[in-house]
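Heads up: the structure comes next, in structure tokens.
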Amino acid sequence: MDKNFIVQAVRGMNDVLPAQIAGWQQLERVTRELFAAYGFEEMRVPLVEHTALFKRAIGEYTDIVEKEMYTFTDSGGDSLTLRPEGTAGVVRAAITNGLLRGARLKLWTSGPMFRHERPQKGRYRQFHQIDVEAIGFAGPDIDAELIALTARLWRTLGITRVKLKINSLGTIESRRVYREKLVTYFRQHEAALDADSLRRLEGNPLRILDSKNPDMQAVVSGAPLLTDHLDAESREHFDSLCAMLTGMGIEYVIDPRLVRGLDYYSRTVFEWVTDALGAQDAICSGGRYDGLIPQLGGDPTPAIGFAMGVERVVELLSQTGAPLAPAAPDVYVMASGERAQRTALALVERLRDDLPQVTLHVNLGSGNFKAQFRRADKSGAALALILGDAELERGVAALKPLRHEAGQTECPLEELAVRIPAILADLAEPNNAV
Ligand code: HAM
């Protein structure tokens, strides 16, 4: 095989193989059920939007817009971008489809996002988010409910090594005042700033607080705190949120340096982090974006949301030790002999009609009984249905439990639809398992 001839996957963009899919499906199933229980409706938005949408929503001076977007000009001359996150598209869709108009929307969406970041474990260029947005709600109660939903999700999935960090960024106006204080402070300490921070000083000084550079920690820790400059309403909103979280028994840490990497946030921001995944520790992050909708041309409407990184949550899920094997079939069907092979598929199709809740895998292609038994074993099926020419001649088939000591029995073909579920129920009894 000529390795140079094989076209490789794009760096940072991963395949999800059948052996990995169980965790994805479990997360998708549990979130789908939870969202419905909390009154959220699914919507789907395009993977590609006009570049201007992300520039306006996420902010010109963010890392995402400055250096991580997959932007291209299509043959019609439009500048388009593969979505780096879900919120901008959902808000755009709510505005352009006329969904706002004073309505209260509880929405969720999911799918791939694209950011040209440096790939490493847990950080990819195509990654997946499950994204929740609550539009038209101003009070701290929805903030608390969204956080309660995420806390319940971790409990349901058996994920324990997570911690909730929360902060308030205040209103856009109080942030403007704070921003000036911050710029003044960092200007006084310009000599201690690294190149990235110097660049951010004009465009996005709050992001300097987020610097991971160890040499910057002293100057960052001396910076004025946003929490000390909150306006009274944001303070009250934040205090109510904290009281509601405490009332629900949800533990949290107030992190005054949690600023988030997207510009649209105001007031509440939060992040669930873990110490089980190495450097990429954020599994779910979000916050309030009361100013975004008018900024994108909609009527002023408060909103809050969050997104979780599916790859990271699935990795955590695989560490919980919960069995995530792909589901085994109930019955593996083998056929040997010309007539048996010719009639097996028709017989199985009839059984599938009669027993829609029973999963049957058929041995396709021929193979002697020994090889077929090996495949049956490997499939993990509880029961083998064996069709041979001689038995078919007498109108019977054989049934053999594969994970149980009970021996093989014969069953008239017309009784299979009754006998198979009865045997499966018997085998499922815990004290009947081997
Ligand atoms: P974000 O913090 O940029 O927020 O991303 C949310 C989550 O996506 C992160 O916590 C992380 O788990 C995951 N994530 C981000 N980048 C990557 C990557 N390169 N590889 C793997 N996982 C990644 C947002 O995107 C906001 N739209 C969240 C939001 C919704 N805020 C309000 N509504």
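Could you compute the net charge surrounding Tyr178? Neighbours are other residues with a C-beta less than 11 Å from the C-beta of Tyr178; K and R count +1, D and E count -1.
Result for the neighbourhood of Tyr178: 0.
Need one number: nm distance between label points at Ala398 and Ile254, each 7 Å from Cα along Cα→Cβ, rounded to one decimal.
7.3
Could you give the length gained on full extension between Tyr185 and Asn368, defined as 0.36 nm per residue of separation minus the Cα-Cα distance, in nm?
Length gained, Tyr185 through Asn368: 57.9 nm.
Quick check: pseudo-label points 7 Å beyond the Cα along Cα→Cβ at Glu410 and Tyr61, how many nm apart are they?
It is 8.5 nm.
Between helix 21-37 and the chain, what is the angle of the helix's C-alpha long axis to the longest principal axis, kept within 0 to 90° and rounded to the nearest 10?
Orientation of helix 21-37: about 70 degrees from the principal axis.
What number comes out for accessible area per residue over the chain if the probe is 1.4 Å? Units Å², please.
In whole numbers, the chain has 50 Å² accessible per residue.
Could you tell me the center-to-center distance, by alpha carbons, between the stretch 391-420 and the stretch 131-179 in angstrom?
Spelled out, the Cα-based centre of one part sits 56 Å from the other.
Determine, from the Cβ-Cβ distance of Arg152 and Asp354 and an R0 of 35 Å, the FRET efficiency 1/(1 + (r/R0)^6), rounded to the nearest 0.05.
Using R0 = 35 Å, I get an efficiency of 0.35.
When you count, for each residue, the other Cβ atoms within 10 Å and take the mean per peptide, how do 18-28, 365-375 rank with the highest first?
18-28, 365-375
If r is the Cβ-Cβ distance from Ile172 to Val7 and R0 is 56 Å, what FRET efficiency results, to the nearest 0.05?
Using R0 = 56 Å, I get an efficiency of 0.75.
Pop the C-beta distance of Lys212 and Ala19 into the FRET formula with R0 = 45 Å and round what comes out to the nearest 0.05.
0.85
Using Cα centres only, tell me the gap between the stretch 72-88 and the stretch 233-285 in whole Å.
That distance is 30 Å.
Can you tell me the 0 to 90 degree angle between the C-alpha axis of helix 232-247 and the longest principal axis of the chain, rounded to 10?
In the chain, helix 232-247 runs at an angle near 30 degrees to the longest axis.
Label points 7 Å out from Cα along the Cβ direction at His116 and Glu236: separation in nm?
4.7
What percent does the relative contact order of the chain come to when contacts are Cα pairs within less than 8 Å and at least six residues apart?
Here the relative contact order equals 15 percent.
Output the peptides 219-232, 132-145 sorted from most to least packed, where packing is the average of other Cβ atoms within 10 Å over each peptide's residues.
132-145, 219-232
Can you tell me which lysines have their Cα less than 23 Å from the Cα of Lys400? Leave out same-chain residues fewer than eight positions away.
The qualifying lysines are Lys370, Lys378.
Rounded to the nearest 10 degrees, what's the angle between the helix 87-96 long axis and the longest principal axis of the chain, both from Cα atoms, 0 to 90?
Once rounded, the angle reads 90 degrees.
Any idea what the relative contact order of the stretch 331-427 is, in percent, if you count C-alpha pairs under 8 Å spaced at least 6 apart?
Reported relative contact order: 30 percent.
Can you list the lysines whose alpha carbon is less than 25 Å from that of Lys165, not counting same-chain residues fewer than 8 positions off?
Leaving aside lysines fewer than 8 places away in the same chain, those within reach of Lys165 are Lys106, Lys121, Lys181, Lys212.
If the only charges are +1 at each Lys and Arg Cβ and -1 at each Asp and Glu Cβ, what is the size of the charge dipole of the stretch 331-427 around the Cα centre, to the nearest 20 debye?
That gives the stretch 331-427 a dipole magnitude of about 420 debye.
Size of the dipole of the chain about the Cα centre, Lys and Arg at +1 and Asp and Glu at -1 on the beta carbon, nothing else charged, in debye to 20?
660
The values are calculated or read from the model by the stated rules, or taken from the named source; none is laboratory data. This is a predicted model, so every value here is computed, not measured. All Cβ positions, glycine included, derive from the backbone under ideal geometry; neighbour counts span all protein chains shown. Accessible surface areas use protein heavy atoms only, side chains included; no ligands, DNA or RNA. Shrake-Rupley method; radii C 1.70, N 1.55, O 1.52, S 1.80 Å.
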